[in-house]
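Structure record follows, encoded as C-alpha coordinates.
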Amino acid sequence: MSRRERRGRPVRQWAVRSVFALVALVALVAACGAPVVPPSPASSATASAPSATPSNEPAGAVAPTRICETVQMAGPAPLTCTAVIGQVLLAMGRDAGAVQAAWFRPGRPCPPNARCIAPPPGSAYVVVRVEGGAIGIFNVTFAGVELAIEAPAEPTFDIWPSSGEAIPPVGRPDVGPGAPPEVVGRDVVPLCGEERVGVLDGRAARSCFLGAVQDGRPAELVSRSVDVAGDPVVELYRYTGRGPVLVYRSLTPAGPGWVRSDCAIGPAFDDAAIFVVGECLATELT
(Lines give C-alpha, C1' and ligand atoms only; values in the text may rest on other atoms or scores of the structure.)
Protein backbone atom coordinates (compact mmCIF):
# COMPACT_ATOMS: atom_id res chain seq x y z
CA MET A 1 0.00 0.00 0.00
CA SER A 2 1.43 3.39 -0.97
CA ARG A 3 1.81 6.35 1.40
CA ARG A 4 -0.90 8.15 -0.58
CA GLU A 5 -3.31 5.28 -0.02
CA ARG A 6 -2.49 5.04 3.68
CA ARG A 7 -2.74 8.74 4.45
CA GLY A 8 -6.50 8.80 4.86
CA ARG A 9 -6.67 5.48 6.69
CA PRO A 10 -9.11 5.68 9.64
CA VAL A 11 -7.89 5.06 13.15
CA ARG A 12 -10.17 2.04 13.43
CA GLN A 13 -7.72 -0.03 11.38
CA TRP A 14 -4.98 0.20 14.00
CA ALA A 15 -4.36 -3.03 15.92
CA VAL A 16 -5.86 -3.00 19.42
CA ARG A 17 -5.04 -5.20 22.39
CA SER A 18 -6.88 -3.50 25.25
CA VAL A 19 -8.54 -0.32 26.46
CA PHE A 20 -6.92 -0.40 29.89
CA ALA A 21 -4.54 2.43 28.94
CA LEU A 22 -7.52 4.62 28.08
CA VAL A 23 -9.29 3.83 31.35
CA ALA A 24 -6.16 4.62 33.36
CA LEU A 25 -5.60 7.95 31.65
CA VAL A 26 -9.24 8.96 32.01
CA ALA A 27 -8.92 8.28 35.75
CA LEU A 28 -5.78 10.44 35.90
CA VAL A 29 -7.45 13.32 34.04
CA ALA A 30 -10.44 13.15 36.38
CA ALA A 31 -8.15 13.22 39.41
CA CYS A 32 -6.48 16.37 38.05
CA GLY A 33 -9.86 18.07 37.80
CA ALA A 34 -9.87 18.37 34.01
CA PRO A 35 -13.09 17.98 32.02
CA VAL A 36 -13.52 14.48 30.61
CA VAL A 37 -16.29 13.03 28.48
CA PRO A 38 -17.09 9.44 29.63
CA PRO A 39 -16.37 6.79 26.99
CA SER A 40 -19.37 5.33 25.25
CA PRO A 41 -20.34 1.69 25.91
CA ALA A 42 -19.24 0.83 22.38
CA SER A 43 -15.73 2.12 23.03
CA SER A 44 -15.18 0.04 26.17
CA ALA A 45 -17.23 -3.07 25.62
CA THR A 46 -14.32 -5.45 25.19
CA ALA A 47 -11.01 -5.53 27.07
CA SER A 48 -8.24 -8.06 27.35
CA ALA A 49 -5.69 -8.39 30.14
CA PRO A 50 -3.09 -5.59 30.18
CA SER A 51 0.49 -6.35 29.27
CA ALA A 52 2.62 -7.61 32.12
CA THR A 53 4.66 -5.05 34.04
CA PRO A 54 8.04 -5.71 35.69
CA SER A 55 7.73 -7.58 38.97
CA ASN A 56 8.72 -4.65 41.18
CA GLU A 57 6.84 -1.91 39.32
CA PRO A 58 3.45 -0.52 40.39
CA ALA A 59 0.67 -2.92 39.43
CA GLY A 60 -2.40 -1.95 37.42
CA ALA A 61 -3.28 -0.57 34.03
CA VAL A 62 -0.57 1.22 32.07
CA ALA A 63 -1.54 4.62 30.67
CA PRO A 64 0.35 6.02 27.67
CA THR A 65 3.55 7.98 28.13
CA ARG A 66 2.74 11.70 28.10
CA ILE A 67 5.23 14.13 26.54
CA CYS A 68 4.10 17.75 26.84
CA GLU A 69 5.75 20.73 25.19
CA THR A 70 3.63 23.21 27.10
CA VAL A 71 1.81 23.18 30.44
CA GLN A 72 -1.49 24.55 29.18
CA MET A 73 -3.15 25.21 25.86
CA ALA A 74 -4.39 28.81 25.61
CA GLY A 75 -8.08 29.29 24.92
CA PRO A 76 -11.43 30.22 26.42
CA ALA A 77 -11.35 27.17 28.70
CA PRO A 78 -7.71 26.11 29.05
CA LEU A 79 -7.10 22.39 29.17
CA THR A 80 -4.00 20.74 30.49
CA CYS A 81 -1.82 18.66 28.20
CA THR A 82 -3.03 15.54 29.99
CA ALA A 83 -6.67 16.50 29.42
CA VAL A 84 -6.13 17.14 25.70
CA ILE A 85 -4.40 13.78 25.30
CA GLY A 86 -7.24 12.15 27.21
CA GLN A 87 -9.81 13.70 24.86
CA VAL A 88 -7.89 12.45 21.82
CA LEU A 89 -7.82 8.93 23.25
CA LEU A 90 -11.54 9.09 23.95
CA ALA A 91 -12.11 10.10 20.33
CA MET A 92 -10.10 7.05 19.23
CA GLY A 93 -12.45 4.69 21.04
CA ARG A 94 -11.17 1.13 21.32
CA ASP A 95 -8.09 1.98 19.26
CA ALA A 96 -6.78 4.02 22.22
CA GLY A 97 -5.65 0.78 23.85
CA ALA A 98 -2.87 0.43 21.28
CA VAL A 99 -1.38 3.86 22.04
CA GLN A 100 1.97 3.60 23.82
CA ALA A 101 2.89 7.30 23.91
CA ALA A 102 1.34 10.66 23.10
CA TRP A 103 3.24 13.90 22.42
CA PHE A 104 1.39 17.22 22.81
CA ARG A 105 2.74 20.21 20.87
CA PRO A 106 1.37 23.72 20.31
CA GLY A 107 0.73 25.01 16.79
CA ARG A 108 0.47 22.84 13.70
CA PRO A 109 2.86 20.19 12.28
CA CYS A 110 5.56 21.78 10.14
CA PRO A 111 8.47 19.90 8.49
CA PRO A 112 11.99 21.01 9.44
CA ASN A 113 13.26 23.99 7.39
CA ALA A 114 9.83 24.42 5.76
CA ARG A 115 8.05 27.76 5.44
CA CYS A 116 4.72 27.25 7.20
CA ILE A 117 1.93 29.71 7.82
CA ALA A 118 1.17 30.77 11.38
CA PRO A 119 -1.45 28.48 12.96
CA PRO A 120 -4.73 29.95 14.16
CA PRO A 121 -5.05 30.82 17.88
CA GLY A 122 -5.84 27.88 20.12
CA SER A 123 -4.19 25.36 17.81
CA ALA A 124 -2.21 22.33 18.92
CA TYR A 125 -1.69 18.75 17.88
CA VAL A 126 -1.15 15.38 19.52
CA VAL A 127 1.17 12.83 17.95
CA VAL A 128 0.38 9.27 19.01
CA ARG A 129 2.70 6.28 18.71
CA VAL A 130 1.00 2.90 18.72
CA GLU A 131 2.16 -0.68 19.09
CA GLY A 132 4.32 -1.61 16.12
CA GLY A 133 5.66 1.94 15.75
CA ALA A 134 2.87 3.48 13.64
CA ILE A 135 2.41 7.24 14.07
CA GLY A 136 -0.75 9.33 13.82
CA ILE A 137 -1.41 13.07 14.14
CA PHE A 138 -4.52 14.66 15.65
CA ASN A 139 -4.90 18.40 15.12
CA VAL A 140 -6.95 20.00 17.90
CA THR A 141 -8.50 23.45 18.09
CA PHE A 142 -10.68 25.34 20.52
CA ALA A 143 -14.04 26.12 18.91
CA GLY A 144 -15.77 28.41 21.38
CA VAL A 145 -15.53 26.52 24.67
CA GLU A 146 -15.30 23.12 23.00
CA LEU A 147 -12.21 21.21 21.94
CA ALA A 148 -12.49 20.21 18.28
CA ILE A 149 -10.47 17.17 17.22
CA GLU A 150 -9.82 16.63 13.52
CA ALA A 151 -9.67 13.24 11.84
CA PRO A 152 -6.25 11.58 12.20
CA ALA A 153 -3.58 12.11 9.59
CA GLU A 154 -0.41 10.21 8.76
CA PRO A 155 2.78 12.32 8.91
CA THR A 156 4.65 13.16 5.73
CA PHE A 157 7.95 13.66 7.59
CA ASP A 158 9.75 12.20 10.61
CA ILE A 159 7.61 13.85 13.27
CA TRP A 160 8.84 11.61 16.10
CA PRO A 161 12.61 11.43 15.52
CA SER A 162 15.09 9.49 17.62
CA SER A 163 16.73 11.53 20.35
CA GLY A 164 20.22 10.41 19.38
CA GLU A 165 21.09 9.80 23.04
CA ALA A 166 23.28 6.77 23.81
CA ILE A 167 21.99 3.94 25.98
CA PRO A 168 23.93 3.96 29.29
CA PRO A 169 24.93 0.88 31.33
CA VAL A 170 22.41 -0.49 33.80
CA GLY A 171 22.62 0.48 37.44
CA ARG A 172 20.63 0.81 40.65
CA PRO A 173 22.21 3.34 43.03
CA ASP A 174 21.40 3.36 46.73
CA VAL A 175 18.92 6.12 47.54
CA GLY A 176 19.56 6.15 51.27
CA PRO A 177 17.76 4.81 54.36
CA GLY A 178 14.03 4.49 54.73
CA ALA A 179 13.15 3.88 51.09
CA PRO A 180 9.98 1.80 50.55
CA PRO A 181 10.22 -1.74 49.13
CA GLU A 182 9.02 -0.53 45.73
CA VAL A 183 12.14 1.64 45.48
CA VAL A 184 14.63 -0.68 47.17
CA GLY A 185 13.59 -3.70 45.08
CA ARG A 186 13.08 -1.89 41.79
CA ASP A 187 14.22 -3.63 38.63
CA VAL A 188 17.58 -2.62 37.22
CA VAL A 189 17.41 -0.41 34.11
CA PRO A 190 19.95 1.75 32.23
CA LEU A 191 21.20 4.43 34.62
CA CYS A 192 21.57 7.89 33.10
CA GLY A 193 23.47 9.02 36.18
CA GLU A 194 23.09 11.23 39.21
CA GLU A 195 22.90 14.95 39.77
CA ARG A 196 23.58 16.88 42.94
CA VAL A 197 21.74 20.15 42.70
CA GLY A 198 24.23 23.00 43.03
CA VAL A 199 27.20 20.60 43.29
CA LEU A 200 27.31 18.08 40.44
CA ASP A 201 26.20 19.14 36.95
CA GLY A 202 23.34 16.91 35.84
CA ARG A 203 22.77 18.19 32.30
CA ALA A 204 24.16 15.11 30.57
CA ALA A 205 22.17 12.79 32.83
CA ARG A 206 18.98 14.77 32.32
CA SER A 207 19.43 14.83 28.53
CA CYS A 208 19.94 11.07 28.64
CA PHE A 209 16.72 10.57 30.60
CA LEU A 210 14.57 12.82 28.40
CA GLY A 211 16.00 11.09 25.32
CA ALA A 212 15.11 7.67 26.70
CA VAL A 213 11.49 8.71 27.25
CA GLN A 214 11.33 10.14 23.73
CA ASP A 215 12.71 6.89 22.32
CA GLY A 216 10.55 4.64 24.50
CA ARG A 217 13.53 3.08 26.34
CA PRO A 218 13.84 2.30 30.08
CA ALA A 219 16.01 4.68 32.09
CA GLU A 220 16.61 6.03 35.57
CA LEU A 221 18.02 9.26 37.00
CA VAL A 222 18.77 10.15 40.63
CA SER A 223 18.65 13.77 41.77
CA ARG A 224 19.98 14.72 45.21
CA SER A 225 19.46 18.08 46.89
CA VAL A 226 18.80 19.64 50.31
CA ASP A 227 15.61 21.30 51.51
CA VAL A 228 15.30 24.67 53.22
CA ALA A 229 16.05 23.02 56.58
CA GLY A 230 19.27 21.55 55.24
CA ASP A 231 17.96 17.97 55.15
CA PRO A 232 18.85 15.74 52.19
CA VAL A 233 16.16 15.08 49.59
CA VAL A 234 16.28 12.32 46.99
CA GLU A 235 14.27 12.29 43.78
CA LEU A 236 14.31 9.16 41.64
CA TYR A 237 13.12 9.64 38.06
CA ARG A 238 12.17 6.33 36.54
CA TYR A 239 10.82 5.22 33.17
CA THR A 240 10.20 1.58 32.28
CA GLY A 241 9.96 2.09 28.51
CA ARG A 242 6.19 2.53 28.57
CA GLY A 243 3.59 4.21 30.72
CA PRO A 244 4.08 7.44 32.67
CA VAL A 245 7.28 8.87 34.04
CA LEU A 246 7.46 7.96 37.73
CA VAL A 247 9.06 10.31 40.24
CA TYR A 248 9.83 8.94 43.70
CA ARG A 249 10.62 11.63 46.27
CA SER A 250 11.76 11.23 49.86
CA LEU A 251 9.84 13.35 52.33
CA THR A 252 12.23 12.92 55.24
CA PRO A 253 15.96 12.21 55.43
CA ALA A 254 15.30 8.87 57.12
CA GLY A 255 11.99 7.14 56.25
CA PRO A 256 9.31 6.22 56.25
CA GLY A 257 7.93 8.94 54.02
CA TRP A 258 8.13 8.73 50.25
CA VAL A 259 5.76 9.87 47.50
CA ARG A 260 5.41 8.32 44.06
CA SER A 261 4.10 10.63 41.33
CA ASP A 262 2.76 9.61 37.92
CA CYS A 263 3.85 12.49 35.68
CA ALA A 264 4.03 13.93 32.21
CA ILE A 265 7.42 15.11 30.97
CA GLY A 266 8.52 17.76 28.54
CA PRO A 267 11.50 19.86 27.46
CA ALA A 268 12.35 22.69 29.84
CA PHE A 269 13.79 24.96 27.13
CA ASP A 270 16.53 25.66 29.66
CA ASP A 271 20.15 24.58 29.26
CA ALA A 272 20.43 23.54 32.90
CA ALA A 273 17.06 21.92 33.64
CA ILE A 274 16.73 20.11 30.26
CA PHE A 275 13.31 18.70 31.20
CA VAL A 276 10.42 19.34 33.55
CA VAL A 277 7.76 17.03 34.93
CA GLY A 278 4.23 18.12 35.69
CA GLU A 279 0.54 17.26 35.81
CA CYS A 280 1.41 14.61 38.35
CA LEU A 281 -0.82 12.32 40.37
CA ALA A 282 0.87 11.58 43.70
CA THR A 283 0.58 8.50 45.92
CA GLU A 284 2.20 8.35 49.37
CA LEU A 285 4.37 5.28 49.97
CA THR A 286 5.45 3.77 53.28
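See the values below:
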| item | result |
| --- | --- |
| Test for ARG238: is it surrounded by 13 or more Cβ atoms within 10 Å (Cβ to Cβ) and more than 21 Å from the chain's Cα centre (by Cα) | no |
| When residues of the stretch 127-147 are limited to those that are hydrophobic (A, V, I, L, M, F, W, C) and in a loop (DSSP other than H, G, I, E, B), the one modelled with the lowest pLDDT | VAL145 |
| Test set (1) at pLDDT 90 or above; (2) crowded, with 19+ Cβ neighbours inside 10 Å - PRO111 fails condition number | (2) |
| Residue, surrounded by the most Cβ atoms within 10 Å (Cβ to Cβ), within the stretch 266-280, restricted to residues that are among the aliphatic types (A, V, I, L, M) and either out of contact with any Cys (no Cβ under 7 Å at 6 or more places or on another chain) or farther than 29 Å from PRO177 by Cβ (or both) | ILE274 |
| Flag if GLU146 is surrounded by fewer than 19 Cβ atoms within 10 Å (Cβ to Cβ), acidic (Asp, Glu) and free of Cβ contacts under 8 Å to residues at least 24 places away in the same chain | yes |
| Residue check, GLY257 modelled with pLDDT of 95 or more, farther than 20 Å from ARG172 by Cβ and surrounded by 14 or more Cβ atoms within 10 Å (Cβ to Cβ) | no |
| Count of residues meeting criterion [touching a Leu at 6+ places or on another chain (Cβ under 9 Å) and assigned to a loop (DSSP other than H, G, I, E, B)] in the stretch 171-203 | 7 |
| Total residues in the stretch 266-286, condition small (Gly, Ala, Ser), closer than 20 Å to ALA63 by Cβ and more than 14 Å from the chain's Cα centre (by Cα) | 1 |
| Checklist (1) in a loop (DSSP other than H, G, I, E, B); (2) under 25 Å from GLN100 (Cβ atoms); (3) modelled with pLDDT of 90 or more applied to ARG206, failing item | (1) |
| Filtered residue count, the stretch 88-126, keeping only those that are in a strand (DSSP E or B) and either without any contact (Cβ under 8 Å) to a residue 24 or more places away in the chain or more than 19 Å from TRP160 (Cβ to Cβ) (or both) | 2 |
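The values are calculated or read from the model by the stated rules, or taken from the named source; none is laboratory data. Given the structure is predicted, the values throughout are model-derived calculations rather than measurements. Note that each Cβ is placed from the backbone with ideal geometry, even for glycine, and that neighbours are counted across all protein chains shown.
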